[in-house]
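What follows is a set of notes on a single structure, which appears directly below.
The values are calculated or read from the model by the stated rules, or taken from the named source; none is laboratory data. Note that the structure is predicted; figures quoted are calculated from it, not measured. Don't worry about glycine lacking a Cβ; one is built from the backbone with ideal geometry, like all the others, and counts go over all protein chains shown.
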Amino acid sequence: MANWIDISQPLTNDMAHWPGDTPFRYSLTYSKEETGSVNIGQMTASLHTGTHVDAPFHYDSKGKTIDMLDLERYIGEAVVVDVSQHDEINMDVLKKADLKGKTRVLLKTSLPNNPKNFPDNMPTIAPDVAAYLQEKGVTLLGVDIPSVDQTDSKELATHHALYNHGINILENIMLDHVETGVYELIALPLAIHGADGSPVRAVIRPLDIEERNR
C-alpha cells in the first residue's frame, strides 16, 4: 500500500494568516517541571488558519456550521488536477480535465506553496466552475490557495456559487510536491459546535487501478 502524503500546512508560530485575522500561536501553559508530570500546551488561531474547511455559515449566516457537515465528503477518492498554466480557472479550463466519476477535485494552481507568506496575488477561481462541477457530480473542491475568492472580495461570488451548487470547500492545501492523478483523501474538520470553519490535517495516498475499480 502506498504511503500517505501530507498536503496540509504545518501549524507554526511564524506561519502566514489572512490579513487582519487572528494568527496561530502555540505555547506551553504549564511545563513538566511545573506540574511534576506533564507538559500542557495551548493555542489560539483563526478557524481559517492554514489548511482548512469552510462551513457555509462562514459566508451565509443561515448556512450549516462545521459540526453539521457531511463527513463523507472529506473522505474518499479525489483527483488532483494541474491548472497551473492558467491565471483564471474557469469552466473551460476544467473541461480539459477528466472528471468523470470524480466527486472530489483538488486543484494544483501556479501559486507556490509557502505557508509563511500570504500572497499579494493569487489565481482566480471563476464562479462558473460551480455549475460545471455539479454537472459532473463533484461535491468537494479543494484548492492550494488561501481562498476560492480574491483577498479583497466582499461578494464572495465563488463561495456562494459553490454553496448554491452543493459543493463544499477545502482551502490552502499543498500540492507542489504532488503529481496529478487519483488519490484517496482524508481531510476531516473538527466538530466545533456552531463554528464557521475548521483547520484540518489533509492527507492523500495514490490509488492504483485495482483500488479505483473496487
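Annotations
- Counting only strands (runs of 3 or more DSSP E) that fall entirely inside segment 1-117 and contain at least 1 residues that are basic (K, R), the qualifying elements are 25-30, 104-108.
- In summary, N113 fulfils each of the numbered conditions (1) in contact (Cβ under 8 Å) with a residue 60 or more places away in the chain; (2) surrounded by fewer than 15 Cβ atoms within 10 Å (Cβ to Cβ) with the single exception of condition (2).
- Residue check, K108 crowded, with 16+ Cβ neighbours inside 10 Å, of a type in the set (D, E, K, R) and in contact (Cβ under 8 Å) with a residue 12 or more places away in the chain: yes
- Taken over segment 127-146, residues that are over 18 Å from Y74 (Cβ atoms) and surrounded by 19 or more Cβ atoms within 10 Å (Cβ to Cβ) amount to 5.
- Subset of segment 43-101 [more than 26 Å from F24 (Cβ to Cβ) and basic (K, R)]: K62, K95, K96, K100
- The set of residues in segment 116-126 that are crowded, with 18+ Cβ neighbours inside 10 Å and closer than 30 Å to N13 by Cβ comprises M122, P123, I125.
- Filter result for K102 (basic (K, R) and surrounded by fewer than 16 Cβ atoms within 10 Å (Cβ to Cβ)): no
- Residues in segment 67-124 that are among the basic types (K, R) and under 16 Å from the mean Cα position of the chain (by Cα): R73, R104, K108.
- One residue alone among V80, V105 is at pLDDT 95 or above, touching a Ser or Thr at 6+ places or on another chain (Cβ under 6 Å) and of a type in the set (A, V, I, L, M, F, W, C), and that residue is V80.
- Check on L185, in contact with a strand residue (DSSP E or B) (Cβ under 8 Å, 6 or more places away or on another chain), at pLDDT 95 or above and not acidic (D, E): yes
- Every pair of residues 6+ apart whose Cβ atoms lie under 8 Å, when the first sits in segment 55-72 and is among the acidic types (D, E) while the second is part of a helix (DSSP H, G or I): D60/H160; D60/Y163
- The number of residues in segment 110-150 that are touching an Asp or Glu at 6+ places or on another chain (Cβ under 7 Å) and of a type in the set (S, T, Y) comes to 2.
- Residue ID - farthest from the chain's Cα centre (by Cα), chosen from residues in segment 129-147 that are over 18 Å from D82 (Cα atoms) and in a loop (DSSP other than H, G, I, E, B): G137
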